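Accompanying notes for the structure given below.
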Amino acid sequence: MQTIKTVGIIGAGQMGSGIAHVTALAGYDVFLNDLSEDQFKAAMAKVDKNMARQVAKGQIKEADKKSALKRICFANSYDVFKDCQLVIEAATEEEEIKRKIFIDLCAALNKDAIVASNTSSISITRMAAATDRPERFIGMHFMNPVPMMVLVELIRGIATEDETFVKSKEFIESLGKSTAVSEDFPAFIVNRILLPMINEAVYTLYEGVGTVESIDKAMKLGANHPMGPLELADFIGLDTCLAVMQVLYEGLADSKYRPCPLLVKYVEAGWLGRKTERGFYDYRGDVPIPTR
């Protein structure tokens, strides 16, 4: 298996742009793919802004920033990934979309390339079966926001070979990140614990036990959480929270993972949190205002 020098990333959203950010800073050449070049440009503006913040804090040098930005290029098709040793999928958390991506992607890759998914909940074994290389397929779940969060969950599918695991772990550590190895069970470790807590906070709101403000205040001041669970849900994206809860509910067949109907209602309304400017808080003004 080749040494990883060039990395492809599919999806220029919040996660994909963050992965591109840390990968380029670590010295790798990066090809970032999305549906349009406009989305790539928006992602690059975000990466530029976040790196500038790191420069201002003295975490990186201006020269590091300039070099890293030059290493990120737009991939207008999967054919650009032909010379990549690793490709990381960071598309939306919908299994059918991911499976279609992997089928199309593998046709363009060299035979030794590792394919990783940044999924936060979906079966690695099942997605690997849609590829021509289940032994070189692995789960690589970065935390959000990627430049700030140190942890990456590493998840082997049933067919993942040892060499794939070792190379992937070395790559993550080269980014200055730390790994937590999870078995391939629904939502892995972090979201298996975190999302049911968020879902229970939504139930607490749904049942009228507390308001948005009181629930978040209670967990910040009473449990010393840096961010309240409803504020955190808005940050993650309510659609992503719902998708993870559905994976847990369907995968483990336990009623304790049933998504709260209020969470479903917010997603149906298109109130997905910060990215749509409304969720459990309204972000359209200068100060976020609770919506319930």
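The values are calculated or read from the model by the stated rules, or taken from the named source; none is laboratory data. Bear in mind the structure is a predicted one, so any value in this text is a computation, not a measurement. Because the Cβ atoms are built from the backbone with ideal geometry, glycine has one as well, and the counts that use them run over all protein chains shown.
What the table below lists for this structure:
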{"read-out": "The range 197-232 - residue that is in contact with a Lys or Arg (Cβ under 7 Å, 6 or more places away or on another chain) and surrounded by 16 or more Cβ atoms within 10 Å (Cβ to Cβ) and, of those, nearest to P290 (Cα to Cα)", "value": "V212"}
{"read-out": "Verdict on R136 being of a type in the set (K, R) and under 27 Å from G176 (Cα atoms)", "value": "yes"}
{"read-out": "Test: residue in the range 64-84 that is among the hydrophobic types (A, V, I, L, M, F, W, C), at pLDDT 95 or above and touching a Lys or Arg at 6+ places or on another chain (Cβ under 7 Å)", "value": "no"}
{"read-out": "Any hit, the range 99-116, residues being in a loop (DSSP other than H, G, I, E, B) and of a type in the set (D, E, K, R)", "value": "yes"}
{"read-out": "Every pair of residues 6+ apart whose Cβ atoms lie under 9 Å, when the first sits in the range 248-271 and is farther than 19 Å from D282 by Cβ while the second is loosely packed, with under 14 Cβ neighbours inside 10 Å and hydroxyl-bearing (S, T, Y)", "value": "Y249/S255"}
{"read-out": "Any hit, the range 107-122, residues being farther than 23 Å from I4 by Cα, touching a residue at least 12 places away in the same chain (Cβ under 8 Å) and among the aliphatic types (A, V, I, L, M)", "value": "yes"}
{"read-out": "Test for P259: is it surrounded by 15 or more Cβ atoms within 10 Å (Cβ to Cβ), out of contact with any strand residue (DSSP E or B) (no Cβ under 8 Å at 6 or more places or on another chain) and either more than 25 Å from K46 (Cβ to Cβ) or modelled with pLDDT of 95 or more (or both)", "value": "yes"}
{"read-out": "Neighbours by Cβ (under 6 Å, 6+ apart or cross-chain): first from the range 214-235, closer than 20 Å to Q14 by Cα; second in a loop (DSSP other than H, G, I, E, B)", "value": "L230/F280; D234/G279; D234/F280"}
{"read-out": "The range 32-50: number of residues that are without any contact (Cβ under 8 Å) to a residue 60 or more places away in the chain and either under 13 Å from L69 (Cβ atoms) or surrounded by 22 or more Cβ atoms within 10 Å (Cβ to Cβ) (or both)", "value": "12"}
{"read-out": "Residue in the range 187-197 that is more than 17 Å from the chain's Cα centre (by Cα) and farther than 30 Å from R133 by Cα present", "value": "yes"}
